1. When the accessible area of segment 23-231 is computed with all protein chains present and a 1.4 Å probe, what percentage of it is carbon and sulfur?
2. Testing the spin-label approximation: label points 7 Å from Cα along Cα→Cβ at residue 161 and residue 203. State their distance in nm.
3. For the chain, what does the alpha-carbon gyration tensor say about shape, rounded, prolate or oblate, given a ≥ b ≥ c as the root eigenvalues, a/c under 1.5 as rounded, and a/b over b/c as prolate?
4. Any of 256/412; 299/395; 256/409; 94/395; 37/154; 23/299 with alpha carbons more than 18 Å apart? Name them for me.
5. Could you pull the accessible area for residue 125 with a 1.4 Å probe, rounded to 10 Å²?
6. Before rounding to the nearest 500, sum -39500 (n - 2.57) across all DSSP H runs of length at least 4 in the chain and divide by the residue total; then give [θ] at 222 nm in deg cm²/dmol.
7. Pick from 294, 353, 60 the residue whose mean-square fluctuation is largest in a GNM of the chain, springs joining Cα atoms under 10 Å.
8. Of 354, 85, 291, which has the most accessible area and how do the rest follow, probe 1.4 Å?
Amino acid sequence: MDKIIIEGGQTRLDGEVVIEGAKNAVLPLLAATILPKSGKTILRNVPILSDVFTMNNVVRGLGISVEFNEDDKEITVDATSDILDVAPYEYVSKMRASIVVLGPILARNGHAKVSMPGGCTIGSRPIDLHLKGLEAMGAKITQLGGDITAEAEKLHGAHIYMDFPSVGATQNLMMAATLAEGVTTIENAAREPEIVDLAILLNEMGAQVRGAGTETLVITGVDSLHGAEHDVVQDRIEAGTFMVAAAMTSGNVLIKDAVWEHNRPLISKLMEMGVSVTEEENGIRVQAELDNLRPVTVKTLPHPGFPTDMQAQFTALMAIVKGESTMIETVFENRFQHLEEMRRMGLHSEILRDTALIHGGHDLQGAPVMSTDLRASAALILTGLVANGTTIVGKLTHLDRGYYQFHEKLAKLGANIRRVSEA
Ligand code: EPZ
């Protein structure tokens, strides 16, 4: 098992960092490549992450050709021959995001079988909104033996109101609706930049998706889709993670080609704390003096609210800013586990259901810590940068799902950090 070892306390990150394509965009984009019956689809600016390899295997399991050229960060998909309609359990069970292949397989084949995604450490992760929407479009859904089977001779348009703006459900239903008979309206839809990126690819494939990025999507079904070429949008969560790292270390970092619009809620909170965030020609520059920063209150919400995927990283910043900060996590029910590990480093905090009170400014000490989920791993590494002494972060399989060359990028900015393999 690999471990990351950080000598912290004196780190000041300085320089510029390149950000990869978005994990949470490329996974649904890969699901969309199931839809075209003619032509190949090429995805560019693909991040080299374990979740991408997993999703490639899910799509390959349908009998579809998927070639991943890692040097060029490019994936070519050819779905022109008939596809199978059972997603392979061994891969679907590894990554719950695979559930978004359900809509595309059903829309294309009229029949789909996908294993129920398990929960994960941050929450139970139900899929009721996915299934309710597909049923509204005429699908017959059965759940047996841990599998979901969906059948529909031909999906038809529907007017769907989402109880919650679920990202995955919005993506599943949007993709299914592209080949349905008639018009589908999805109200209270998710508005994340990754939703917009998916709609752009679908429209490049010949779909008619309107309103992406707003709370109401209108999709007019078409007979078939064709292949397309598409650049994956930049990963706003990786970009945000480096913005927080720069603030925590009183650094001066240019986040190359970062998109201000995609990170407005995070940037507004950083500025409220007293962090300098400025837009430059080729990216966003983040500078800070830790002693001048002020505590804040943050509540995570669906986009355009503060992203839950930045919550753990932001609590690491709150931990070292003098004063009482408050983090309220409204999206997932169990996403404060990183705070338990940070307590081992000297963090003072109390958790009261969805609210963490963080008494920031106490000196933190390096310690061996265990990551429990993807964003917790990043938060613990950032904390190691500012804790005095040595921090060792284990269980890096979580980190490798969502960050490419994370420790190399931090080392290039001046961190004393290395990754060692242990038998
Ligand atoms: C996506 O997960 C992201 N994953 C998550 O990123 C992200 O945290 C989440 O959106 C919210 O932004 C990918 O895109 C691969 P949701 P998803 O459906 O689609 C409830 C990361 O760290 N819900 O918007 O699963 C659910 O329980 C990962 O990169 C229902 O109740 O998120 C949760 O409380 C973590 N019923 C809330 O909605 C449903 O049918 C948000 O879930 C679906 C969801």
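1. 48
2. 2.7
3. In terms of gyration-tensor shape, prolate.
4. 299/395; 23/299
5. Near enough 60 Å² of accessible area.
6. For the chain, the value works out to -9000 deg cm²/dmol.
7. Judging by the Gaussian network model, the answer is 353.
8. 291, 354, 85
The values are calculated or read from the model by the stated rules, or taken from the named source; none is laboratory data. Fair warning: this is a prediction, and the values are worked out from it, not measured in the lab. Don't worry about glycine lacking a Cβ; one is built from the backbone with ideal geometry, like all the others, and counts go over all protein chains shown. Each accessible area value is taken on the protein alone, full model and side chains, heavy atoms only, with ligands, DNA and RNA left out. Shrake-Rupley method; radii C 1.70, N 1.55, O 1.52, S 1.80 Å.
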